[in-house]
Amino acid sequence: MTNDVKESFSSPPAGGGAPPAPAALAAKVRTLAPSMTRSMQRVAEAVAGDPAGCAALTVTGLAELTGTSEATVVRTARLLGYPGYRDLRLALAGLAAQQQSGRAPAVTADIAVDDPIADVVAKLAYDEQQTLADTAAALDTVQLSSAVSALAGARRIDIYGVGASSLVGQDLAQKLLRIGLIAHAHTDPHLAVTNAVQLRSGDAAVAITHSGSTGDVIEPLRVAFDHGATTIAITGRPDGPISQYADHVLTTSTARESELRPAAMSSRTSQLLVVDCLFIGIAQRTYETAAPALSASYEALAHRHNPRTR
């Protein structure tokens with residue numbers, strides 16, 4: 001073993017903070033694998049697919065199993081949030097014990113073009129459940145709490161998103177409006193930038209992008225960041241370009257992408273969970289004003305939900 005690999009065993013995890021719990025390991029792999037090198041992906045997929053088997057391997061054994069190097073194994077462990085391979089092995093042993101005690105393994109079945117509709121329903125339901133569980137397991141509650149505080153006290157909130165993420169942005173905006181906050185969801189990239197220019201300290205901006213690299217979302221967030229607004233990114237790629245302009249990053253997870261189920265569908269599920277977490281947190285912080293505002297909005301719409309009488 002090289003000196004570099006030995007030293008990496010005791011290095012702090014990439015990004016700091018405590019290593020993820022065993023239950024969050026599979027979610028972490030699914031979230032970060034697309035941004036890894038192919039050799040690191042092989043290591044990550046191996047540990048997520050067979051935690052019991054890999055927990056029994058030395059760093060050399062796992063490197064041989066995956067056709068990689070010891071240094072790659074250690075780098076993968078660190079990227080997943082563990083100080084070194086020993087810590088990853090402990091997490092793998094814990095995950096294996098949980099699975100053996102009756103927890104279902106994290107497997108996903110692709111939807112085939114000739115699947116009966118009943119199978120489609122079952123597979124989609126499983127993937128949605130897995131996506132929500134992964135997002136909840138990996139969501140940094142410290143970052144979430146900070147984002148809630150920023151939004152609850154913001155004078156004005158701008159929200160940016162395009163495509164499927166724009167639908168999530170509109171959902172967040174209408175929720176915030178109903179509890180009395182000033183929030184606007186911008187889907188036109190030009191309007192998003194021209195509005196971001198008006199933001200200042202005391203304002204907040206939220207960017208929603210699964211890839212973390214959507215230029216039409218990054219640009220207005222950068223402008224908001226440069227003008228002193230508190231910035232929040234909801235993304236499936238916490239290492240993406242969007243993060244350099246975000247004061248708070250909320251990471252989402254997605255189900256495995258397939259031909260009939262693109263990333264836009266699965267990412268929306270996890271984004272909506274994060275949006276709901278933000279909304280509930282904000283409503284709790286601002287309850288004295290949020291509750292009457294929400295009640296008033298219900299009352300204003302009540303007549304639209306009742307049958308008209310002649």
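What follows draws every value from the coordinates through simple rules; no lab data is involved. A quick note: this is a predicted structure, and the numbers were derived from the prediction, not measured. Don't worry about glycine lacking a Cβ; one is built from the backbone with ideal geometry, like all the others, and counts go over all protein chains shown.
Once the other residues with Cβ under 10 Å from the Cβ of A48 are scored (Lys, Arg +1; Asp, Glu -1), what is the net sum?
Details: positive: K28, R30; negative: E45, D50.
Once positives and negatives cancel, what remains is 0.
Exactly which trypsin sites (Lys or Arg not before Pro) in region 63-103 are in a DSSP loop and have at most 13 other Cβ atoms within 10 Å?
On the way: sites: R75, R78, R86, R89, R103; in loops: R103.
Those that pass, being in a loop and sparsely packed, are R103.
Estimate the FRET efficiency between A291 and L191 by the formula 1/(1 + (r/R0)^6), using the beta-carbon distance for r and 25 Å for R0, to the nearest 0.05.
Values: r = 32 Å, r/R0 = 1.29.
Result of the calculation: an efficiency of 0.20.
Could you tell me the largest-minus-smallest coordinate of the C-alpha atoms of region 128-246 on each of the three principal axes, in descending order and whole angstroms?
That gives 39, 30, 23 Å along the principal axes, largest extent first.
Mind checking region 147-188 for trypsin sites (Lys or Arg not before Pro) that DSSP puts in a loop (not H, G, I, E or B) and that have at most 14 other Cβ atoms within 10 Å? Walk me through the intermediate numbers first.
Working: sites: R155, R156, K175, R178; in loops: R155, R156.
Passing both the DSSP loop test and the Cβ count: R155.
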